[in-house]
Amino acid sequence: MAGIAAAHLAFFATGISITDAQADGWLFKAEAAVALKLPWNFEEFSRFPWPALSSLAGDIVAMMFVTVMTVLLNTTGIELETRHEANLERELNAVGSANLLSASLGGYVTCISLSRTTLNYEVGGRGRLSGLMVAAISGLVLAAGAGFLAYVPKFVLGGLLLYSGLYLLYRWLLDSWRYLSFVEYISLAAIALIILEWGFIAGVLIGVVIGLATFALSVSRVHAIKFSFDGSEYHSSLDRRPDELALLTKYGREIQGMFLHSYLFFGSANRLHQHVRALLAKQKCRFLLFDFRLVTGIDSSATFSFTQIKQVADQCGARMIFTRLTRDVENAFRAARFISDHIIVAPNLDAALESCENAIIKAHQTHDSEAGTLREWFTEALGGAENADQLIQHCKRIEVQPDEIIVREGDPANSMHFILDGRVGIMVNGGSAPVRVRSLGPHTTIGEMGLITRQPRSATMQAELVSVLYELSASSYERIRRENPGLSHALMTYIITVMAERLSFANRAIGVLQR
(Lines give C-alpha, C1' and ligand atoms only; values in the text may rest on other atoms or scores of the structure.)
Protein backbone atom coordinates (compact mmCIF):
# COMPACT_ATOMS: atom_id res chain seq x y z
CA MET A 1 0.00 0.00 0.00
CA ALA A 2 2.90 2.31 0.72
CA GLY A 3 4.16 1.70 -2.81
CA ILE A 4 0.78 2.60 -4.28
CA ALA A 5 0.62 5.78 -2.21
CA ALA A 6 4.17 6.64 -3.25
CA ALA A 7 3.31 6.07 -6.90
CA HIS A 8 0.41 8.47 -6.74
CA LEU A 9 2.57 11.03 -5.00
CA ALA A 10 5.11 10.68 -7.81
CA PHE A 11 2.39 11.21 -10.42
CA PHE A 12 1.27 14.25 -8.46
CA ALA A 13 4.79 15.68 -8.28
CA THR A 14 5.63 15.20 -11.97
CA GLY A 15 2.24 16.39 -13.17
CA ILE A 16 0.39 14.42 -15.79
CA SER A 17 -0.49 16.64 -18.73
CA ILE A 18 -3.96 15.17 -19.42
CA THR A 19 -5.31 14.35 -16.00
CA ASP A 20 -4.19 12.46 -12.95
CA ALA A 21 -3.14 8.96 -13.87
CA GLN A 22 -4.23 6.11 -11.65
CA ALA A 23 -1.64 3.65 -10.36
CA ASP A 24 -2.31 0.33 -12.04
CA GLY A 25 -0.15 -2.48 -10.61
CA TRP A 26 0.77 -5.94 -11.76
CA LEU A 27 2.28 -8.74 -9.72
CA PHE A 28 4.52 -11.13 -11.67
CA LYS A 29 4.52 -13.92 -9.15
CA ALA A 30 3.61 -13.89 -5.50
CA GLU A 31 7.01 -15.14 -4.42
CA ALA A 32 8.80 -12.60 -6.64
CA ALA A 33 7.05 -9.71 -4.93
CA VAL A 34 8.31 -10.87 -1.56
CA ALA A 35 11.79 -11.69 -2.82
CA LEU A 36 12.32 -8.33 -4.53
CA LYS A 37 11.08 -6.16 -1.66
CA LEU A 38 13.90 -3.75 -0.91
CA PRO A 39 15.75 -4.20 2.41
CA TRP A 40 15.56 -1.65 5.17
CA ASN A 41 18.74 -2.51 7.07
CA PHE A 42 22.05 -4.29 6.59
CA GLU A 43 20.79 -7.57 8.04
CA GLU A 44 17.94 -7.77 5.55
CA PHE A 45 20.35 -6.67 2.82
CA SER A 46 22.62 -9.63 3.56
CA ARG A 47 19.65 -12.02 3.44
CA PHE A 48 18.39 -10.67 0.12
CA PRO A 49 18.12 -13.53 -2.42
CA TRP A 50 20.30 -12.00 -5.11
CA PRO A 51 20.37 -15.16 -7.28
CA ALA A 52 16.62 -14.73 -7.78
CA LEU A 53 17.29 -11.67 -9.91
CA SER A 54 18.79 -13.71 -12.75
CA SER A 55 15.80 -16.05 -12.85
CA LEU A 56 13.43 -13.07 -12.89
CA ALA A 57 15.39 -11.07 -15.48
CA GLY A 58 13.09 -12.17 -18.30
CA ASP A 59 9.99 -11.20 -16.33
CA ILE A 60 11.47 -7.82 -15.50
CA VAL A 61 12.40 -7.01 -19.11
CA ALA A 62 9.02 -8.22 -20.38
CA MET A 63 7.20 -6.13 -17.78
CA MET A 64 9.24 -3.04 -18.72
CA PHE A 65 8.30 -3.54 -22.37
CA VAL A 66 4.62 -4.07 -21.59
CA THR A 67 4.56 -1.07 -19.25
CA VAL A 68 6.00 1.29 -21.86
CA MET A 69 3.64 0.01 -24.57
CA THR A 70 0.67 0.31 -22.18
CA VAL A 71 1.61 3.89 -21.34
CA LEU A 72 1.73 4.83 -25.03
CA LEU A 73 -1.54 3.09 -25.91
CA ASN A 74 -3.45 4.28 -22.83
CA THR A 75 -2.20 7.83 -23.30
CA THR A 76 -3.53 7.79 -26.86
CA GLY A 77 -6.88 6.51 -25.58
CA ILE A 78 -6.99 9.24 -22.93
CA GLU A 79 -6.29 11.83 -25.63
CA LEU A 80 -9.32 10.60 -27.58
CA GLU A 81 -11.58 10.53 -24.52
CA THR A 82 -10.56 13.93 -23.16
CA ARG A 83 -9.97 15.59 -26.57
CA HIS A 84 -6.74 16.99 -25.16
CA GLU A 85 -3.25 16.50 -26.56
CA ALA A 86 -0.79 14.76 -24.26
CA ASN A 87 2.92 15.26 -23.80
CA LEU A 88 4.27 11.72 -24.23
CA GLU A 89 7.71 12.55 -22.87
CA ARG A 90 6.14 14.00 -19.74
CA GLU A 91 3.88 10.97 -19.31
CA LEU A 92 6.80 8.54 -19.62
CA ASN A 93 8.87 10.55 -17.15
CA ALA A 94 5.96 10.54 -14.69
CA VAL A 95 5.51 6.76 -14.94
CA GLY A 96 9.24 6.20 -14.55
CA SER A 97 9.42 8.43 -11.45
CA ALA A 98 6.34 6.72 -9.97
CA ASN A 99 7.82 3.26 -10.49
CA LEU A 100 11.13 4.21 -8.91
CA LEU A 101 9.41 5.61 -5.84
CA SER A 102 6.99 2.68 -5.65
CA ALA A 103 9.84 0.16 -5.87
CA SER A 104 11.75 1.91 -3.10
CA LEU A 105 8.78 1.29 -0.77
CA GLY A 106 8.17 -2.29 -1.91
CA GLY A 107 5.27 -1.51 -4.24
CA TYR A 108 4.21 -2.94 -7.56
CA VAL A 109 4.79 -1.81 -11.13
CA THR A 110 2.53 1.16 -11.85
CA CYS A 111 1.12 2.49 -15.08
CA ILE A 112 -1.44 4.92 -16.46
CA SER A 113 -4.95 3.45 -16.35
CA LEU A 114 -7.25 4.35 -19.20
CA SER A 115 -10.51 3.26 -17.53
CA ARG A 116 -9.93 4.92 -14.16
CA THR A 117 -8.50 8.08 -15.66
CA THR A 118 -11.49 8.34 -18.01
CA LEU A 119 -13.88 7.78 -15.08
CA ASN A 120 -12.07 10.40 -13.06
CA TYR A 121 -12.30 12.84 -15.96
CA GLU A 122 -16.03 12.19 -16.52
CA VAL A 123 -16.91 12.87 -12.88
CA GLY A 124 -15.13 16.21 -12.99
CA GLY A 125 -11.53 15.50 -12.01
CA ARG A 126 -9.34 17.94 -13.94
CA GLY A 127 -6.38 18.66 -11.69
CA ARG A 128 -3.83 16.91 -9.50
CA LEU A 129 -6.14 16.73 -6.51
CA SER A 130 -7.58 13.38 -7.66
CA GLY A 131 -4.22 11.63 -7.62
CA LEU A 132 -3.34 13.27 -4.31
CA MET A 133 -6.57 12.00 -2.75
CA VAL A 134 -5.88 8.42 -3.89
CA ALA A 135 -2.37 8.64 -2.43
CA ALA A 136 -3.78 9.99 0.83
CA ILE A 137 -6.39 7.19 1.09
CA SER A 138 -3.72 4.58 0.38
CA GLY A 139 -1.57 6.11 3.10
CA LEU A 140 -4.45 6.03 5.61
CA VAL A 141 -5.12 2.38 4.85
CA LEU A 142 -1.44 1.68 5.45
CA ALA A 143 -1.56 3.47 8.77
CA ALA A 144 -4.79 1.77 9.86
CA GLY A 145 -3.51 -1.66 8.93
CA ALA A 146 -4.87 -4.33 6.65
CA GLY A 147 -6.82 -6.22 9.31
CA PHE A 148 -10.15 -4.90 8.10
CA LEU A 149 -9.72 -6.92 4.89
CA ALA A 150 -10.54 -10.03 6.93
CA TYR A 151 -14.10 -8.75 7.22
CA VAL A 152 -14.55 -8.73 3.45
CA PRO A 153 -16.28 -12.00 2.35
CA LYS A 154 -14.05 -14.23 0.29
CA PHE A 155 -16.74 -14.82 -2.33
CA VAL A 156 -16.72 -11.07 -3.02
CA LEU A 157 -13.01 -11.11 -3.78
CA GLY A 158 -13.40 -14.31 -5.79
CA GLY A 159 -16.28 -12.85 -7.76
CA LEU A 160 -14.27 -9.70 -8.42
CA LEU A 161 -11.34 -11.73 -9.76
CA LEU A 162 -13.66 -13.92 -11.85
CA TYR A 163 -15.42 -10.86 -13.29
CA SER A 164 -12.10 -9.15 -14.10
CA GLY A 165 -10.75 -12.25 -15.83
CA LEU A 166 -13.88 -12.87 -17.87
CA TYR A 167 -14.10 -9.21 -18.81
CA LEU A 168 -10.51 -9.23 -20.08
CA LEU A 169 -11.11 -12.42 -22.04
CA TYR A 170 -14.27 -10.96 -23.60
CA ARG A 171 -12.60 -7.67 -24.45
CA TRP A 172 -9.39 -9.14 -25.88
CA LEU A 173 -10.63 -12.32 -27.58
CA LEU A 174 -14.29 -11.68 -28.46
CA ASP A 175 -15.00 -7.97 -28.66
CA SER A 176 -11.72 -7.29 -30.54
CA TRP A 177 -13.05 -9.34 -33.50
CA ARG A 178 -15.13 -6.34 -34.55
CA TYR A 179 -12.31 -3.84 -35.04
CA LEU A 180 -9.24 -5.98 -35.78
CA SER A 181 -8.25 -7.39 -39.14
CA PHE A 182 -8.21 -11.15 -39.61
CA VAL A 183 -4.41 -11.35 -39.40
CA GLU A 184 -4.32 -9.16 -36.29
CA TYR A 185 -7.03 -11.22 -34.57
CA ILE A 186 -5.32 -14.53 -35.36
CA SER A 187 -2.08 -13.09 -33.98
CA LEU A 188 -3.84 -11.96 -30.80
CA ALA A 189 -5.42 -15.39 -30.29
CA ALA A 190 -2.09 -17.11 -30.90
CA ILE A 191 -0.36 -14.88 -28.35
CA ALA A 192 -3.06 -15.64 -25.76
CA LEU A 193 -2.64 -19.40 -26.30
CA ILE A 194 1.14 -19.11 -26.08
CA ILE A 195 0.86 -17.23 -22.77
CA LEU A 196 -1.42 -19.96 -21.38
CA GLU A 197 0.88 -22.76 -22.54
CA TRP A 198 4.43 -21.37 -22.10
CA GLY A 199 4.06 -18.29 -19.95
CA PHE A 200 4.06 -14.54 -20.13
CA ILE A 201 7.63 -14.02 -21.38
CA ALA A 202 7.22 -16.40 -24.30
CA GLY A 203 3.95 -14.70 -25.24
CA VAL A 204 5.53 -11.24 -25.22
CA LEU A 205 8.59 -12.32 -27.21
CA ILE A 206 6.63 -14.28 -29.81
CA GLY A 207 4.11 -11.43 -29.98
CA VAL A 208 6.94 -9.03 -30.82
CA VAL A 209 8.18 -11.41 -33.51
CA ILE A 210 4.67 -11.75 -34.97
CA GLY A 211 4.24 -7.97 -34.94
CA LEU A 212 7.55 -7.41 -36.71
CA ALA A 213 6.76 -10.07 -39.30
CA THR A 214 3.31 -8.59 -39.94
CA PHE A 215 4.80 -5.11 -40.27
CA ALA A 216 7.49 -6.33 -42.68
CA LEU A 217 4.86 -8.10 -44.77
CA SER A 218 2.65 -5.01 -44.97
CA VAL A 219 5.58 -2.71 -45.79
CA SER A 220 6.78 -5.05 -48.53
CA ARG A 221 3.44 -4.55 -50.27
CA VAL A 222 4.08 -0.82 -50.54
CA HIS A 223 5.51 -0.04 -53.96
CA ALA A 224 8.89 1.65 -53.74
CA ILE A 225 7.98 3.94 -56.67
CA LYS A 226 5.85 6.88 -55.61
CA PHE A 227 5.45 7.90 -59.25
CA SER A 228 7.39 7.48 -62.48
CA PHE A 229 7.83 9.58 -65.62
CA ASP A 230 9.69 9.78 -68.89
CA GLY A 231 11.44 12.64 -70.63
CA SER A 232 8.61 13.27 -73.07
CA GLU A 233 6.18 14.33 -70.34
CA TYR A 234 8.40 15.69 -67.57
CA HIS A 235 11.22 18.11 -68.44
CA SER A 236 13.86 20.04 -66.61
CA SER A 237 13.24 23.69 -65.74
CA LEU A 238 15.21 24.80 -68.83
CA ASP A 239 12.85 26.28 -71.43
CA ARG A 240 14.18 25.20 -74.83
CA ARG A 241 13.54 26.31 -78.38
CA PRO A 242 10.80 24.59 -80.42
CA ASP A 243 13.00 22.20 -82.41
CA GLU A 244 14.62 20.88 -79.22
CA LEU A 245 11.24 20.46 -77.56
CA ALA A 246 10.09 18.48 -80.58
CA LEU A 247 13.07 16.15 -80.22
CA LEU A 248 12.33 15.64 -76.51
CA THR A 249 8.70 14.90 -77.31
CA LYS A 250 9.74 12.27 -79.85
CA TYR A 251 12.71 10.69 -78.07
CA GLY A 252 12.12 11.71 -74.45
CA ARG A 253 11.03 8.19 -73.49
CA GLU A 254 14.70 7.27 -73.57
CA ILE A 255 14.80 9.01 -70.19
CA GLN A 256 12.96 6.98 -67.53
CA GLY A 257 12.70 8.47 -64.06
CA MET A 258 11.34 7.16 -60.77
CA PHE A 259 10.62 8.96 -57.50
CA LEU A 260 11.30 6.45 -54.73
CA HIS A 261 9.89 6.65 -51.22
CA SER A 262 9.60 4.82 -47.90
CA TYR A 263 12.22 2.47 -46.48
CA LEU A 264 13.88 0.25 -49.07
CA PHE A 265 14.57 -3.31 -48.05
CA PHE A 266 14.51 -6.70 -49.76
CA GLY A 267 10.76 -6.87 -50.40
CA SER A 268 10.24 -3.38 -51.86
CA ALA A 269 13.62 -3.27 -53.65
CA ASN A 270 13.01 -6.64 -55.29
CA ARG A 271 9.67 -5.36 -56.67
CA LEU A 272 11.56 -2.33 -58.00
CA HIS A 273 14.03 -4.67 -59.71
CA GLN A 274 11.19 -6.58 -61.38
CA HIS A 275 9.57 -3.32 -62.50
CA VAL A 276 12.79 -2.01 -64.08
CA ARG A 277 13.44 -5.36 -65.79
CA ALA A 278 9.96 -5.30 -67.36
CA LEU A 279 10.37 -1.63 -68.34
CA LEU A 280 13.70 -2.14 -70.10
CA ALA A 281 12.37 -5.21 -71.88
CA LYS A 282 9.80 -3.16 -73.78
CA GLN A 283 11.30 0.37 -73.88
CA LYS A 284 14.58 1.63 -75.29
CA CYS A 285 16.27 3.60 -72.55
CA ARG A 286 19.45 5.65 -72.33
CA PHE A 287 19.09 6.98 -68.77
CA LEU A 288 17.52 5.55 -65.61
CA LEU A 289 16.91 8.26 -63.00
CA PHE A 290 16.19 7.42 -59.36
CA ASP A 291 15.25 10.24 -56.99
CA PHE A 292 15.84 9.37 -53.30
CA ARG A 293 14.49 12.53 -51.67
CA LEU A 294 11.57 10.66 -50.03
CA VAL A 295 13.57 7.53 -49.11
CA THR A 296 13.95 7.20 -45.33
CA GLY A 297 16.56 4.43 -45.37
CA ILE A 298 17.96 1.40 -47.15
CA ASP A 299 19.39 -1.93 -46.03
CA SER A 300 22.04 -4.21 -47.51
CA SER A 301 19.51 -6.45 -49.25
CA ALA A 302 18.16 -3.43 -51.15
CA THR A 303 21.65 -2.49 -52.34
CA PHE A 304 21.92 -6.01 -53.76
CA SER A 305 18.68 -5.42 -55.70
CA PHE A 306 20.16 -2.22 -57.13
CA THR A 307 23.19 -4.23 -58.20
CA GLN A 308 20.82 -6.49 -60.13
CA ILE A 309 19.14 -3.41 -61.64
CA LYS A 310 22.54 -2.12 -62.78
CA GLN A 311 23.32 -5.43 -64.46
CA VAL A 312 20.05 -5.26 -66.41
CA ALA A 313 20.69 -1.60 -67.29
CA ASP A 314 24.22 -2.36 -68.53
CA GLN A 315 22.87 -5.10 -70.80
CA CYS A 316 20.41 -2.59 -72.33
CA GLY A 317 22.96 0.25 -72.58
CA ALA A 318 21.20 2.45 -70.01
CA ARG A 319 23.09 4.72 -67.61
CA MET A 320 21.91 4.89 -63.98
CA ILE A 321 21.63 8.29 -62.27
CA PHE A 322 20.95 8.85 -58.57
CA THR A 323 19.67 12.19 -57.31
CA ARG A 324 19.19 13.70 -53.85
CA LEU A 325 20.83 10.90 -51.92
CA THR A 326 20.71 11.42 -48.18
CA ARG A 327 23.91 10.89 -46.25
CA ASP A 328 22.73 7.58 -44.76
CA VAL A 329 21.58 6.18 -48.09
CA GLU A 330 24.79 7.25 -49.83
CA ASN A 331 26.88 5.66 -47.06
CA ALA A 332 24.91 2.42 -47.47
CA PHE A 333 25.64 2.37 -51.21
CA ARG A 334 29.31 3.17 -50.69
CA ALA A 335 29.63 0.48 -48.02
CA ALA A 336 28.31 -2.01 -50.58
CA ARG A 337 30.82 -0.59 -53.13
CA PHE A 338 27.96 0.13 -55.49
CA ILE A 339 28.69 3.75 -56.38
CA SER A 340 31.42 3.92 -59.03
CA ASP A 341 32.28 5.83 -62.18
CA HIS A 342 29.44 4.05 -63.97
CA ILE A 343 26.86 5.56 -61.58
CA ILE A 344 26.12 9.28 -61.89
CA VAL A 345 25.26 10.99 -58.61
CA ALA A 346 23.56 14.35 -59.26
CA PRO A 347 22.76 16.97 -56.60
CA ASN A 348 19.14 17.33 -57.72
CA LEU A 349 16.66 16.00 -60.25
CA ASP A 350 16.57 19.17 -62.35
CA ALA A 351 20.31 19.12 -63.03
CA ALA A 352 20.17 15.42 -63.90
CA LEU A 353 17.24 15.92 -66.28
CA GLU A 354 18.94 18.82 -68.04
CA SER A 355 22.08 16.77 -68.58
CA CYS A 356 20.09 13.83 -69.95
CA GLU A 357 18.05 16.08 -72.24
CA ASN A 358 21.22 17.61 -73.67
CA ALA A 359 22.52 14.14 -74.44
CA ILE A 360 19.24 13.09 -76.10
CA ILE A 361 19.11 16.25 -78.24
CA LYS A 362 22.75 15.87 -79.26
CA ALA A 363 22.23 12.23 -80.24
CA HIS A 364 19.18 12.87 -82.42
CA GLN A 365 19.82 16.33 -83.84
CA THR A 366 20.38 16.14 -87.59
CA HIS A 367 21.30 19.78 -88.30
CA ASP A 368 23.58 22.41 -86.92
CA SER A 369 22.84 22.99 -83.26
CA GLU A 370 23.56 26.71 -83.38
CA ALA A 371 20.55 28.90 -82.70
CA GLY A 372 20.85 30.84 -85.93
CA THR A 373 20.23 34.51 -86.61
CA LEU A 374 17.46 36.65 -85.15
CA ARG A 375 15.92 37.13 -88.60
CA GLU A 376 15.74 33.37 -89.22
CA TRP A 377 14.11 32.85 -85.84
CA PHE A 378 11.53 35.61 -86.34
CA THR A 379 10.81 34.48 -89.88
CA GLU A 380 9.91 31.01 -88.68
CA ALA A 381 8.03 32.24 -85.60
CA LEU A 382 6.00 35.00 -87.31
CA GLY A 383 5.32 33.25 -90.60
CA GLY A 384 7.30 35.45 -93.01
CA ALA A 385 10.42 37.52 -93.54
CA GLU A 386 8.46 40.76 -93.82
CA ASN A 387 7.03 40.41 -90.31
CA ALA A 388 10.48 39.45 -89.03
CA ASP A 389 12.13 42.57 -90.50
CA GLN A 390 9.41 44.84 -89.11
CA LEU A 391 9.61 43.33 -85.59
CA ILE A 392 13.43 43.67 -85.55
CA GLN A 393 13.03 47.40 -86.23
CA HIS A 394 10.92 47.76 -83.06
CA CYS A 395 13.32 45.80 -80.82
CA LYS A 396 16.37 47.03 -78.94
CA ARG A 397 19.47 44.84 -78.67
CA ILE A 398 20.74 44.21 -75.10
CA GLU A 399 23.83 42.29 -74.04
CA VAL A 400 24.02 41.20 -70.38
CA GLN A 401 26.72 39.55 -68.31
CA PRO A 402 26.35 36.55 -65.96
CA ASP A 403 24.41 37.34 -62.73
CA GLU A 404 23.26 40.67 -64.15
CA ILE A 405 19.66 41.54 -63.24
CA ILE A 406 17.46 42.22 -66.27
CA VAL A 407 14.24 43.04 -64.42
CA ARG A 408 13.31 42.72 -60.74
CA GLU A 409 10.30 41.19 -59.08
CA GLY A 410 7.66 43.86 -58.46
CA ASP A 411 8.89 46.21 -61.21
CA PRO A 412 6.35 47.50 -63.77
CA ALA A 413 5.95 45.12 -66.74
CA ASN A 414 6.88 47.52 -69.54
CA SER A 415 8.68 45.17 -71.95
CA MET A 416 9.21 41.62 -73.16
CA HIS A 417 12.49 40.03 -74.25
CA PHE A 418 13.52 37.66 -77.02
CA ILE A 419 16.57 35.59 -76.03
CA LEU A 420 18.81 35.16 -79.07
CA ASP A 421 21.78 33.65 -77.25
CA GLY A 422 22.75 32.74 -73.71
CA ARG A 423 20.57 31.76 -70.80
CA VAL A 424 18.29 33.63 -68.36
CA GLY A 425 17.04 32.37 -65.00
CA ILE A 426 13.66 33.11 -63.41
CA MET A 427 14.13 33.76 -59.70
CA VAL A 428 11.46 34.14 -57.03
CA ASN A 429 11.83 35.24 -53.45
CA GLY A 430 12.35 32.11 -51.36
CA GLY A 431 12.63 33.81 -47.98
CA SER A 432 16.30 33.45 -47.01
CA ALA A 433 17.58 33.30 -50.60
CA PRO A 434 16.19 33.56 -54.16
CA VAL A 435 15.04 30.31 -55.72
CA ARG A 436 15.44 29.52 -59.41
CA VAL A 437 12.18 28.12 -60.77
CA ARG A 438 12.98 28.11 -64.46
CA SER A 439 15.71 28.84 -67.02
CA LEU A 440 15.27 29.98 -70.60
CA GLY A 441 17.70 29.25 -73.40
CA PRO A 442 18.14 30.57 -76.96
CA HIS A 443 15.08 31.27 -79.12
CA THR A 444 12.71 31.63 -76.17
CA THR A 445 10.78 34.62 -74.90
CA ILE A 446 10.43 36.10 -71.45
CA GLY A 447 8.09 38.67 -69.95
CA GLU A 448 5.33 38.33 -72.55
CA MET A 449 2.61 37.70 -69.97
CA GLY A 450 3.43 40.86 -68.05
CA LEU A 451 3.44 42.90 -71.24
CA ILE A 452 -0.09 41.73 -72.07
CA THR A 453 -1.62 41.89 -68.59
CA ARG A 454 0.40 44.95 -67.43
CA GLN A 455 0.71 43.41 -63.98
CA PRO A 456 3.91 43.97 -61.94
CA ARG A 457 6.74 41.50 -62.51
CA SER A 458 6.06 38.27 -60.64
CA ALA A 459 9.71 37.16 -60.69
CA THR A 460 13.25 38.43 -61.16
CA MET A 461 15.06 37.78 -64.45
CA GLN A 462 18.79 37.19 -64.05
CA ALA A 463 21.36 36.27 -66.70
CA GLU A 464 23.11 32.94 -66.05
CA LEU A 465 25.50 33.24 -69.01
CA VAL A 466 26.64 36.00 -71.35
CA SER A 467 23.35 36.59 -73.16
CA VAL A 468 22.06 38.59 -76.11
CA LEU A 469 18.44 39.74 -75.83
CA TYR A 470 16.14 41.87 -77.96
CA GLU A 471 13.75 44.01 -75.95
CA LEU A 472 10.27 44.97 -77.19
CA SER A 473 9.01 47.84 -75.04
CA ALA A 474 5.36 48.42 -74.16
CA SER A 475 5.27 51.60 -76.24
CA SER A 476 6.62 49.75 -79.31
CA TYR A 477 4.09 46.96 -78.75
CA GLU A 478 1.23 49.48 -78.66
CA ARG A 479 2.55 51.13 -81.82
CA ILE A 480 2.54 47.74 -83.60
CA ARG A 481 -1.05 47.16 -82.50
CA ARG A 482 -2.15 50.53 -83.89
CA GLU A 483 -0.13 50.77 -87.07
CA ASN A 484 0.53 47.17 -88.20
CA PRO A 485 -2.42 44.80 -87.57
CA GLY A 486 -0.79 41.98 -89.57
CA LEU A 487 2.38 41.98 -87.48
CA SER A 488 0.32 42.40 -84.30
CA HIS A 489 -1.75 39.33 -85.17
CA ALA A 490 1.35 37.26 -86.03
CA LEU A 491 3.09 38.34 -82.80
CA MET A 492 0.04 37.56 -80.67
CA THR A 493 -0.31 34.16 -82.34
CA TYR A 494 3.33 33.40 -81.51
CA ILE A 495 2.90 34.50 -77.87
CA ILE A 496 -0.23 32.37 -77.49
CA THR A 497 1.62 29.40 -78.96
CA VAL A 498 4.47 29.83 -76.47
CA MET A 499 2.10 30.17 -73.52
CA ALA A 500 0.05 27.17 -74.68
CA GLU A 501 3.19 25.03 -74.88
CA ARG A 502 4.21 26.04 -71.36
CA LEU A 503 0.71 25.35 -70.05
CA SER A 504 0.72 21.96 -71.75
CA PHE A 505 4.04 21.13 -70.10
CA ALA A 506 2.67 22.22 -66.71
CA ASN A 507 -0.40 20.00 -67.19
CA ARG A 508 1.76 17.00 -68.09
CA ALA A 509 3.98 17.60 -65.06
CA ILE A 510 0.94 17.85 -62.77
CA GLY A 511 -0.41 14.64 -64.26
CA VAL A 512 2.87 12.89 -63.44
CA LEU A 513 2.81 14.17 -59.85
CA GLN A 514 -0.76 12.95 -59.32
CA ARG A 515 -0.10 9.34 -60.33
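The values are calculated or read from the model by the stated rules, or taken from the named source; none is laboratory data. Here the structure is a predicted model, which means the values were calculated and not measured. Because the Cβ atoms are built from the backbone with ideal geometry, glycine has one as well, and the counts that use them run over all protein chains shown.
A quick yes/no check of all residues on (1) more than 21 Å from the chain's Cα centre (by Cα); (2) in contact (Cβ under 8 Å) with a residue 40 or more places away in the chain; (3) in the same structural domain as Asn348 (by TED's automatic domain parsing); (4) under 18 Å from Leu440 (Cα atoms):
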{"site": "Gly211", "(1), (2), (3), (4)": "yes, no, no, no"}
{"site": "Ser236", "(1), (2), (3), (4)": "yes, yes, yes, yes"}
{"site": "Arg253", "(1), (2), (3), (4)": "yes, no, yes, no"}
{"site": "Tyr263", "(1), (2), (3), (4)": "no, yes, yes, no"}
Q) Which of (1) part of a helix (DSSP H, G or I); (2) among the aliphatic types (A, V, I, L, M); (3) touching an Asp or Glu at 6+ places or on another chain (Cβ under 8 Å) is the odd one out, the single condition Val468 does not satisfy? A) (1)
(Q) Criterion first (part of a helix (DSSP H, G or I), more than 26 Å from His235 (Cβ to Cβ), in the same structural domain as Cys356 (by TED's automatic domain parsing) and out of contact with any Leu (no Cβ under 6 Å at 6 or more places or on another chain)) does Arg277 satisfy it? (A) yes
Q) Looking at this structure, is Leu72 within 37 Å of the chain's Cα centre (by Cα) and at pLDDT below 80? A) no
Q. Take the residues of segment 459-515 that are at pLDDT 90 or above, of a type in the set (Val, Ile, Thr) and farther than 15 Å from Thr445 by Cα: which is surrounded by the most Cβ atoms within 10 Å (Cβ to Cβ)?
A. Ile480
Q) So, of the residues in segment 202-215 that are aliphatic (A, V, I, L, M) and loosely packed, with under 13 Cβ neighbours inside 10 Å, which turns out to be nearest to His275 (Cα to Cα)? A) Ala213
Q. Residue check: is Ile309 in contact with a Leu (Cβ under 9 Å, 6 or more places away or on another chain), assigned by TED's automatic domain parsing to the domain that holds Leu272 and of a type in the set (A, V, I, L, M)?
A. yes
**Q.** segment 97-125, subset among the β-branched types (Val, Ile, Thr) and in a helix (DSSP H, G or I), residue surrounded by the most Cβ atoms within 10 Å (Cβ to Cβ)
**A.** Thr117
Q. Exactly one of (1) surrounded by 20 or more Cβ atoms within 10 Å (Cβ to Cβ); (2) modelled with pLDDT of 90 or more; (3) in a helix (DSSP H, G or I); (4) of a type outside the set (Val, Ile, Thr) is unmet by Gln308. Its number?
A. (1)
Q. Arg481: assigned to a helix (DSSP H, G or I) and in contact with a Phe, Trp or Tyr (Cβ under 8 Å, 6 or more places away or on another chain), yes or no?
A. no
Q) Quick one: in segment 428-449, which of the residues that are surrounded by 13 or more Cβ atoms within 10 Å (Cβ to Cβ) and outside any strand (DSSP E or B) is modelled with the lowest pLDDT? A) Met449
Q.
If I filter segment 131-179 down to residues being surrounded by 10 or more Cβ atoms within 10 Å (Cβ to Cβ) and either touching a Ser or Thr at 6+ places or on another chain (Cβ under 7 Å) or of a type in the set (Phe, Trp, Tyr) (or both), which single residue comes out as farthest from Leu105 (Cα to Cα)?
A. Trp177
Q) Any idea which of Arg319, Arg337 is in the same structural domain as Gly252 (by TED's automatic domain parsing), farther than 27 Å from Ser237 by Cβ and over 20 Å from the mean Cα position of the chain (by Cα)? A) Arg337
Q.
Go through (1) without any contact (Cβ under 8 Å) to a residue 24 or more places away in the chain; (2) under 18 Å from Arg375 (Cα atoms) for Ile496 and report which single condition fails.
A. (2)
Q. Looking at segment 338-388, which of its residues are modelled with pLDDT under 85 and either within 16 Å of Met320 (Cβ to Cβ) or assigned to a helix (DSSP H, G or I) (or both)?
A. Ile339, Ser340, Asp341, His342
